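These notes are about the structure you will find just below.
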Amino acid sequence: MNDNERLPEQPSERKKGGGVIPALCNVMGTGILLLVIALLSPLFLPHILDYETYNVVSGSMEPEMPVGSLALVKPAVPSDVKVGDVIAFQSGSSVITHRVMENHVVEGEFITKGDANEDVDLAAIPYTALIGQVVWHVPMVGGIMALLTGTVGKIYLLAFALCGVMLNMLAGRLRAREA
């Protein structure tokens, strides 16, 4: 064999660990991006399915719906709402979730009460104020969503997503350099 001829590189002669760091960067970057999507899914997924989401900010429905819960509300026909259902309704600039104690179909109004309140609400709720019926709630998620949708939360989510993208780009560059 002369000097110009070389045998193919043996596996032991290749760079060891060269593919581990890019793979780790890819896994971490993809994991970060999936986490950002998972954190944002309660904000957009219900709307796709024609539901609204609200953060419970008062203790009037405790212990059933603790402060900071995410309430999932579906549109409802007022005359179909039953006594005992929890509804969301507009009251001034606030959205309130209370339990229906009476449904006065002829008058077109609800008598409601918060579970933690001793008495029914002072004013009847007109059908026109009804947003919908609460079908599900998740404790603490509403508070987290409120933080994430604030200015600081959006900045953190954007920075976190950019880190994921940059890790994936770094993995691509490392792989290109090895080739």
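Here are some notes:
Yes or no, residue by residue, for (1) at pLDDT 95 or above; (2) out of contact with any Gly (no Cβ under 8 Å at 6 or more places or on another chain):
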| position | (1), (2) |
| --- | --- |
| 119 | no, yes |
| 131 | yes, yes |
| 134 | yes, yes |
| 149 | no, yes |
| 165 | yes, no |
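- Matching residues in the stretch 61-99 - criterion: being out of contact with any strand residue (DSSP E or B) (no Cβ under 7 Å at 6 or more places or on another chain), outside any strand (DSSP E or B) and within 14 Å of residue 121 (Cβ to Cβ): 92
- Number of the exception - residue 158 against (1) surrounded by 16 or more Cβ atoms within 10 Å (Cβ to Cβ); (2) at pLDDT 90 or above: (1)
- Evaluation of residue 106 against the conditions (1) in a strand (DSSP E or B); (2) free of Cβ contacts under 8 Å to residues at least 12 places away in the same chain shows that the sole unmet condition is (1).
- Any hit, the stretch 129-144, residues being closer than 30 Å to residue 19 by Cα and either touching a strand residue (DSSP E or B) at 6+ places or on another chain (Cβ under 9 Å) or touching a residue at least 60 places away in the same chain (Cβ under 8 Å) (or both): no
- Criterion: within 21 Å of residue 90 (Cβ to Cβ) and touching a Leu at 6+ places or on another chain (Cβ under 7 Å) - qualifying residue of 75, 42, 22, 46: 46
- Residue check, residue 176 surrounded by fewer than 16 Cβ atoms within 10 Å (Cβ to Cβ), assigned to a helix (DSSP H, G or I) and in contact with a strand residue (DSSP E or B) (Cβ under 6 Å, 6 or more places away or on another chain): no
- Top-ranked residue of the stretch 21-60 - restricted to ones that are part of a loop (DSSP other than H, G, I, E, B) and of a type in the set (Gly, Ala, Ser), ranked as nearest to residue 118 (Cα to Cα): 60
- Residue list for the stretch 135-154, restricted to those being open to solvent by less than 40 Å² (accessible area, probe 1.4 Å), outside any loop (DSSP other than H, G, I, E, B) and of a type in the set (Gly, Ala, Ser): 142, 143, 153
- Restricting the stretch 109-122 to residues that are in contact (Cβ under 8 Å) with a residue 40 or more places away in the chain and out of contact with any strand residue (DSSP E or B) (no Cβ under 7 Å at 6 or more places or on another chain) leaves a set whose member that is farthest from residue 69 (Cα to Cα) is 117.
- Yes/no for residue 132 being open to solvent by less than 40 Å² (accessible area, probe 1.4 Å) and part of a helix (DSSP H, G or I): no
The values are calculated or read from the model by the stated rules, or taken from the named source; none is laboratory data. Computed from a prediction, not measured in an experiment: that's the story for all the values here. Positions of Cβ are generated from backbone atoms using ideal geometry, with glycine treated the same way; all protein chains shown enter the neighbour counts. Surface areas here come from the heavy atoms of the whole protein model, side chains and all, with no ligands, DNA or RNA. Shrake-Rupley method; radii C 1.70, N 1.55, O 1.52, S 1.80 Å.
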